[in-house]
Amino acid sequence: VTVLFVVVRVPLARSADPPSLSRVEPSSIPWHGSLITLIGASFPYGPTSVTVGGEPCLSATVISFTQVTCQAPPGRASSTEVALSLLNHTIHLSTTASYEGWPW
């Protein structure tokens, strides 16, 4: 008796909904910068950039359809805008991240 197994890999379907951004974790970023996670929905894989207070994050990476991580730059604003650019979409999330512990 011969048994034959066939494995077929099918890519997961992507959502037809446009990307959305709901929050940033942690919401309080140390003044010297920190690894942050952007949480949302329908993030496509591909070129990604993130800015915090207009300054670029380093190493922005799409982790999943719901998470992007990056290294937030140093800053001192009490609250700041976070912008996420994914392929043909730019999403702005205002005043949901703040810097804390400015030493001067």
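The values are calculated or read from the model by the stated rules, or taken from the named source; none is laboratory data. Please read all numbers here as calculations on a predicted model, not as lab measurements. So basically every Cβ, Gly included, is an ideal-geometry build from the backbone, and we count neighbours across all protein chains shown. SASA here: full protein model, heavy atoms, side chains in, ligands and nucleic acids out. Shrake-Rupley method; radii C 1.70, N 1.55, O 1.52, S 1.80 Å.
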Taking residue 97 and the conditions (1) without any contact (Cβ under 8 Å) to a residue 60 or more places away in the chain; (2) surrounded by 18 or more Cβ atoms within 10 Å (Cβ to Cβ), which numbered condition does it fall short on, given that it satisfies the others? (1)
Within the set of pairs 6 or more residues apart or between chains, which connect a residue that is surrounded by 12 or more Cβ atoms within 10 Å (Cβ to Cβ) inside the range 46-65 to a residue that is among the acidic types (Asp, Glu) with Cβ atoms less than 9 Å apart? 51/81; 52/81; 53/81
Failed condition for residue 68, given (1) modelled with pLDDT under 90; (2) open to solvent by less than 20 Å² (accessible area, probe 1.4 Å); (3) not small (Gly, Ala, Ser): (1)
Going through the range 1-45 in order, the residues found to be open to solvent by 100 Å² or more (accessible area, probe 1.4 Å), assigned to a strand (DSSP E or B) and either over 18 Å from residue 92 (Cα atoms) or modelled with pLDDT under 85 (or both) are 35
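Mind checking which residues of the range 71-88 are of a type outside the set (S, T, N, Q) and open to solvent by 60 Å² or more (accessible area, probe 1.4 Å)?
74, 76, 81, 87
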